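S.K.: Here it is: the structure, laid out below.
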Amino acid sequence: MALMLYNTLSRQKEEFKPQHPSRFWFQKPSVSLYTCGPTVYDYPHLGNMRTYIFEDVLKRTLTINGYNVKHVMNITDVGHLTSDSDEGEDKMDKASVKFGKTPSEVAKFFTKIFKENLNDLNIIKPDKWTPASKYIKEQIELIKRLETKGFTYETNQAVYFNVLKFPNYTKLSRQNLADKNIGVRQEVIVDRQKKHPADFALWFKLTGRFKNHLQHWPSPWGEGFPGWHVECSTMAMNTLGDTVDIHCGGVDHIAVHHTNEIAQSEAATGKQFVRYWLHGEFLIMTQDKMAKSEGNIITVDSLKTKGINPLAFRYLCLGVHYRSPLSFSWESLQSAQEGLNNLYDKMMAIQKLLLNMHLGKKSEKIETYRQKFLTAINDDLNTPQALSITWEVLKDNLDDSDKRELLIWFDEILGLGLEKIKTVTIPSKVNKLIKEREKARLEKNWSQADNLRREIEKLGFRVEDSDTGPQVKVKR
Ligand code: AMP
Ligand code: ZN
């Protein structure tokens, strides 16, 4: 079945075909995937994590389609300024002052948090992490190549990429370079020797506002540090080759970061840099995107503090197509949590029945449902549709073992941790507390009933009151 992906470059859905078909019939064809990683200067927020969830679904979809995915993600620990153009301070330097730690201590701390957040959200880790500060030599090599080919110029402050030298510079964003000028001119132009406002820095020198920059390395242009864009071009090409199959990020990267990556890479190699560009839409708070600069961020840890399973956020994201903006609200997250709990309960019920069940012949519907699910997910990762097929299976009169088989298979894409749902025996202590709570309720002793409910929750269970009496469920 064809896998269709929306390519930002062509602005249409295209059938995915890897650049290297497998050499032997028994070998899986491999796919190179580069995803822009976090700038490790602060806690990642749920907006960032929405993009990583979309990329995880993409990777799982490629895998289920029989590809061997080679995935690289960078860690930006130097050179990302507070504005994506060349204005502002280096985010790592700023954080270093704020936290009173060295940039590498800050990077280490937030990289660890980021990796924990990936775990919490069931996001499969990349095969290779590439921290920018570990690829300085390679970045200098790339800048030297660009210099030799005449794509750069040097000022007192930096080495720039000359965008007018690169034909079709705005092919990804489809912006008019003249319009881009206006946008850029509105910002403070720091370097007056810059030839074109859209020219971007490849190497910053230790001078002017960066005189006391904390992280710096020697280079042919003097002590300094690399720009943010050159790191991704360098690390993508060094680890995955001159042409990468798929490159992803959030939509904010289209106009500047990815546009600049294309310019640098293609100017250096003369080859196409990326075959499929995929971009995830924003998670927004009322009108604005969730961003540290907007002061409206929510982190994975803050969900945990509120007793919300981070996978409820994953479930929320799956319910909206990755190319549509998703408005965040606590109410929608709460409903996602209920939806997920419901799914877990259904999964648990299936498991329970399975224990005493004779496994008969598999239904033919299994294959039909598999195809249906794959058709949805192969249509540019239609996760809302995939979720509704999941619920359709649960409501079907299929045999429980067939349902279970399908759900476990669906979960290879959804990543909601369904395989971990096991039948749980309620401990006698919990049973005793439930009886005591029922008695307190009948006696209208509400505060006692509440205390007992809390004790039950501490033991990892929750009680739901229904017409037929209290229902005990696992607290997640
Ligand atoms: P950063 O750490 O700022 O480099 O961003 C990491 C990733 O998160 C990038 O792919 C961004 O495009 C993405 N991103 C940033 N803000 C949001 C948001 N509000 N919603 C979705 N993705 C975002
Ligand atoms: Zn990048």
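The values are calculated or read from the model by the stated rules, or taken from the named source; none is laboratory data. Only a predicted model underlies this, so the values are computations on that prediction, with no experimental measurement involved. Quick reminder, even Gly has a Cβ in these numbers, built from the backbone with ideal geometry, and neighbours come from all protein chains shown. Surface accessibility is based on the protein's heavy atoms, side chains included, excluding ligands, DNA and RNA. Shrake-Rupley method; radii C 1.70, N 1.55, O 1.52, S 1.80 Å.
S.K.: Only one residue in 408, 426 is free of Cβ contacts under 8 Å to residues at least 24 places away in the same chain, aliphatic (A, V, I, L, M) and under 26 Å from residue 310 (Cβ atoms), so which one is that? Let's see the steps before the verdict.
M.R.: Working: 426 fails: free of Cβ contacts under 8 Å to residues at least 24 places away in the same chain.
Answer to the selection: 408.
S.K.: Another question, if that's okay. Return the residue satisfying two criteria in turn: it lies in segment 224-261 and is of a type in the set (D, E, K, R) and over 19 Å from residue 141 (Cα atoms), and of such residues it is farthest from ligand 1 (Cβ to nearest atom).
M.R.: Going residue by residue through segment 224-261, those that are of a type in the set (D, E, K, R) are 231, 242, 245, 252, 261.
Filter once more, so that each one left must be over 19 Å from residue 141 (Cα atoms): 245, 252.
Details: 245: 18, 252: 5 Å.
By that ranking, first place goes to 245.
S.K.: Another question, if that's okay. So how many residues does segment 205-218 have that are open to solvent by less than 50 Å² (accessible area, probe 1.4 Å), at pLDDT 90 or above and touching a Phe, Trp or Tyr at 6+ places or on another chain (Cβ under 6 Å)?
M.R.: Qualifying residue count, segment 205-218: 0.
S.K.: Being in contact with a strand residue (DSSP E or B) (Cβ under 8 Å, 6 or more places away or on another chain) and either farther than 25 Å from residue 57 by Cα or modelled with pLDDT of 90 or more (or both) narrows it down to one of 426, 413, so name that one.
M.R.: Answer to the selection: 426.
S.K.: Does residue 202 meet the test of being under 29 Å from the mean Cα position of the chain (by Cα) and at pLDDT 95 or above?
M.R.: Values: under 29 Å from the mean Cα position of the chain (by Cα): yes; at pLDDT 95 or above: yes.
Yes, satisfied.
S.K.: Continuing with this model, one more query. I'm trying to understand the selection: among the residues of segment 434-445, which are modelled with pLDDT of 90 or more and of a type outside the set (D, E, K, R)?
M.R.: Passing the criteria: 440, 445.
S.K.: Among the residues of segment 257-293, write down those that are part of a helix (DSSP H, G or I), among the charged types (D, E, K, R) and open to solvent by 10 Å² or more (accessible area, probe 1.4 Å). Steps first, please.
M.R.: Step one: filter segment 257-293 for residues part of a helix (DSSP H, G or I), giving 257-269, 292-293.
Narrowing the set further to residues that are among the charged types (D, E, K, R) leaves 261, 266, 292.
Passing the criteria: 266, 292.
S.K.: Quick one: count up the residues across segment 30-53 that are assigned to a loop (DSSP other than H, G, I, E, B) and either within 16 Å of ligand 2 (Cβ to nearest atom) or at pLDDT 95 or above (or both). Even if it seems obvious, please write down each step before you answer.
M.R.: Of all residues in segment 30-53, those assigned to a loop (DSSP other than H, G, I, E, B) come to 36-38, 40-44.
Then keep just the ones that are either within 16 Å of ligand 2 (Cβ to nearest atom) or at pLDDT 95 or above (or both); that gives 36-38, 40-41, 44.
Residues meeting the conditions: 6.
S.K.: Further question: In segment 88-100, is there at least one residue being surrounded by fewer than 19 Cβ atoms within 10 Å (Cβ to Cβ) and either touching a Gly at 6+ places or on another chain (Cβ under 8 Å) or in contact (Cβ under 8 Å) with a residue 60 or more places away in the chain (or both)?
M.R.: Within segment 88-100, the subset surrounded by fewer than 19 Cβ atoms within 10 Å (Cβ to Cβ) is 88-89, 94, 97-100.
In the following step, the residues that additionally are either touching a Gly at 6+ places or on another chain (Cβ under 8 Å) or in contact (Cβ under 8 Å) with a residue 60 or more places away in the chain (or both) were identified as 89.
Yes: one or more hits.
S.K.: Moving to a separate point now. Name every residue in segment 61-80 that is open to solvent by 30 Å² or more (accessible area, probe 1.4 Å) and either within 13 Å of ligand 2 (Cβ to nearest atom) or out of contact with any Leu (no Cβ under 6 Å at 6 or more places or on another chain) (or both), in order of residue number. Break it down into steps so the answer makes sense when it comes.
M.R.: We begin by selecting, within segment 61-80, every residue open to solvent by 30 Å² or more (accessible area, probe 1.4 Å); these are 63-65, 67-68, 70.
Selection gives 63, 64, 67, 68, 70.
S.K.: To continue, here is another question. Scanning segment 289-318 for residues that are of a type in the set (Val, Ile, Thr) and over 18 Å from residue 460 (Cα atoms), which turns out farthest from ligand 2 (Cβ to nearest atom)? First the steps, then the outcome.
M.R.: Initial filter on segment 289-318 (of a type in the set (Val, Ile, Thr)): 297-300, 305, 308.
Filter again for over 18 Å from residue 460 (Cα atoms), leaving 297-300.
Working: 297: 20, 298: 23, 299: 21, 300: 21 Å.
Ranking the qualifying residues of segment 289-318, first place goes to 298.
S.K.: Could you please find all residues in segment 18-56 being more than 16 Å from ligand 1 (Cβ to nearest atom) and either more than 23 Å from the chain's Cα centre (by Cα) or within 23 Å of residue 132 (Cβ to Cβ) (or both)?
M.R.: To start, the set of residues in segment 18-56 that are more than 16 Å from ligand 1 (Cβ to nearest atom) comprises 18-32.
Passing the criteria: 19, 20, 21, 22, 23, 24, 25, 26, 27, 28, 29, 32.
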